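Bear in mind these aren't lab numbers, they're just calculated from the coordinates by the rules spelled out. Since we're looking at a predicted model, the values are computed, not measured. Glycine gets a Cβ as well: all are built from the backbone with ideal geometry, and neighbour counts include every protein chain shown.
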């Protein structure tokens, strides 16, 4: 029987006092954010993730989560977490390098390595930490990074932390990446880094072509499978598997918080790569490990990906049908190819207004604005889940048409 969590009482908003001297500039900058349509709302969710959620007291069809396979609210993950918490306690108590690495963490890392068919894996408290720490551990001053212009913020920050020379190539432009590598022959090390499925626009990287370029120029290739793990590939390991080019990938990262329904991030690959990260990845060395219960839930998520392949098959089929419906009605989807479906609105204010109208129609489809997307390309992003019914998506398609300006 699913566990029941009683709703908490509402807490009154605190009275805002004037900012102290030295911080008074924040008020003016916040006003500018609001005037530019870039202020982010602070939302409160009651209950668990699902096809519908209670958000700020309203029940809405949920297109705002990354719960692609519907496991975030699955009681099977809850039970796995509860069992591990009872056996190992909740907090890890220390960094993995000291005494925080539990038996549950060890099982999780073995399960990740098996899913991706690589020798070893290492888990992090978040996907952001995995990306930023790993890039900074691999390259530094005197090295060159070729980075896709639409890479996730965690990749961008990792590039900055590395202090390597970062050269950005146009989105999915393999020739652009090749030109950067060709011009960096004198660099100590060269790294190509890309998302495989881009989180803002739902486009897919040309992974196989990038493998060929990296091989030709003797560069490292780093791919982030955050939004693809569990969803793509015959075994659900991601777009690297789907492209059939695992041998050409040096570093594979991903998250446990999206299709797998838990929390955390990982890096997978050669055993010596993982050994190196245990000595150089600062976010792993100097952070307390995430709770063993979370690791156990993620392991259960991986087991379910293997046991329930129909979920990813049905999700991708539903996403293809949904995109076809929207494209046939003239909506700009920005080249989306997966379960992430953006509807381009243009100005930030237009995206916010469209999201608000959709909420009035019963759908939570968040507005995405700069800096997450380029100026003039603000959008609402529908993240599809296996839990959504055909009726949900048909009604959403109708609402998108009727609610657009």
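A few notes on this one:
- Considering only 366, 20, 374, the mean-square fluctuation computed in a Gaussian network model of the chain, springs between alpha carbons under 10 angstrom, is largest for 20.
- Of all DSSP beta bridges in the stretch 112-209, antiparallel share, percent nearest 5: 10 percent
- DSSP-defined beta bridges in the stretch 75-307 - what % are antiparallel, rounded to 5: 40 percent
- Mean Cα-pair separation over length for the stretch 159-263, i.e. relative contact order, pairs under 8 Å, 6 or more apart, %: 22 percent
- For the listed peptides 63-70, 324-331, 208-215, a ranking on the average number of other beta carbons within 10 Å per residue, highest first, reads 63-70, 208-215, 324-331.
- Over the chain: helical MRE at 222 nm, DSSP H runs n ≥ 4 each giving -39500 (n - 2.57), nearest 500: -12500 deg cm²/dmol
- Relative contact order for the chain: 21 percent, from Cα pairs under 8 Å spaced at least 6 residues apart, divided by residue count.
- Between 383, 287, 126, the residue with the greatest mean-square fluctuation in the GNM of the chain (Cα pairs under 10 Å linked by springs) is 287.
- Packing, as the average of other Cβ atoms within 10 Å across residues, places the peptides 41-49, 114-122 in the order 114-122, 41-49, highest first.
- Fraction in percent of alpha-carbon pairs per bin - 5 Å, the stretch 147-243: 2, 14, 25, 24, 20, 10, 4, 1
- Beta bridges per DSSP with both ends in the chain, % antiparallel, nearest 5: 55 percent
- GNM result for the chain, Cα springs below 10 Å: residue of 359, 283, 35 fluctuating most strongly: 35
- Classification of the stretch 239-283 by its C-alpha gyration tensor yields an oblate form. The axis ratio a/c (a ≥ b ≥ c) is 1.5 or more, and b/c is at least a/b.
- Anisotropy class of the stretch 188-285 from Cα gyration tensor, a/c 1.5 cut: oblate
- Three-way shape label, the chain, alpha-carbon gyration tensor, a/c 1.5: rounded
- Here the label points at residue 321 and residue 307, each 7 Å from Cα along the C-beta direction, are separated by 2.7 nm in the simple model.
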